1. Measuring with a 1.4 Å probe in the full set of protein chains, what accessible area per residue, in whole Å², belongs to the chain?
2. Helix 2-16: angle to the longest alpha-carbon principal axis of the chain, degrees 0 to 90, nearest 10?
3. Where nothing but the Cβ of Lys and Arg (+1) and of Asp and Glu (-1) is charged, how large is the charge dipole of the chain around its Cα centre, in debye to the nearest 20?
4. Of the GluC sites (Glu not before Pro) in segment 10-59, which ones lie in a loop per DSSP and count no more than 14 other C-beta atoms within 10 Å?
5. Quick one: pull the percentage of alpha-carbon pairs in segment 1-45 with a separation above 15 Å.
6. Probe radius 1.4 Å, ligands and nucleic acids left out: which of T75, T52 has the largest accessible area, and how do the rest follow?
7. Please give the calculated 222 nm ellipticity per residue for the chain, where each DSSP H segment of at least 4 residues contributes -39500 (n - 2.57) and the sum is spread over every residue; nearest 500 deg cm²/dmol?
8. Please figure out what share of the DSSP beta bridges in the chain is antiparallel and state it in percent, rounded to the nearest 5.
Amino acid sequence: QIQLVRLYSLVVFYHSAGGSNWNDKSNWLDATTNMCEWSGVECANNENEITTLQASNNNLIGKIPEELGLLAELTDLQLGNNGLTEKIPSQLGLLTELDGLNLEDNTLTGAIPGDLGLLSELLTDLRLGSNELTEKIPS
């Protein structure tokens, strides 16, 4: 069942961020390919635990879906230099293993979610610049 949640999260991400227009969408949504072999997806321990989602500079257009907060093992989320819009979902604050978060150079708007501030001590690489965010990182 956990496997289905991970797969669901990635499929929602693909559709929310304009996956059909991505520069590199190799293997995405291919039912014959393990999701850990989709471009930009890295897993650990041969358990299909998604640890990295690397989609920077990939022509992502749309919003960051709240479902990414379901990827509990995620340690690195790289979505910088794209065309992502709307607010940063507060559900990213559920990613308590997160070490790196790059959302810079998009068109994200609104306040930085308070839940993201809870991760500030865990994050060694946090990049939110060059967006249209209205507030500082909550503490």
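1. On the way: 7010 Å² over 139 residues.
Here the residues of the chain average 50 Å² of exposed surface.
2. The angle comes out near 70 degrees.
3. Values: 6 positive and 20 negative charges, 79 e Å.
About 380 debye.
4. Details: sites: E37, E42, E47, E49; in loops: E47.
Here the sparse-neighbourhood loop sites are E47.
5. Working: 406 of 990 pairs.
It works out to 41 percent of all Cα pairs.
6. Values: T75 50, T52 15 Å².
Result of the area sort, largest leading: T75, T52.
7. Details: 2 runs with 19 residues, N = 139.
Result for the chain, helices only: -4000 deg cm²/dmol.
8. Working: 4 of 20 bridges.
In the chain, DSSP labels about 20 percent of beta bridges as antiparallel.
The values are calculated or read from the model by the stated rules, or taken from the named source; none is laboratory data. Everything numeric here is computed off the predicted structure, so don't read it as measured data. All Cβ positions, even for glycine, are placed from backbone atoms using ideal geometry, and neighbour counts span all protein chains on display. Please note that ligands, DNA and RNA were not included when accessible areas were found on the heavy atoms of the full protein model with its side chains. Shrake-Rupley method; radii C 1.70, N 1.55, O 1.52, S 1.80 Å.
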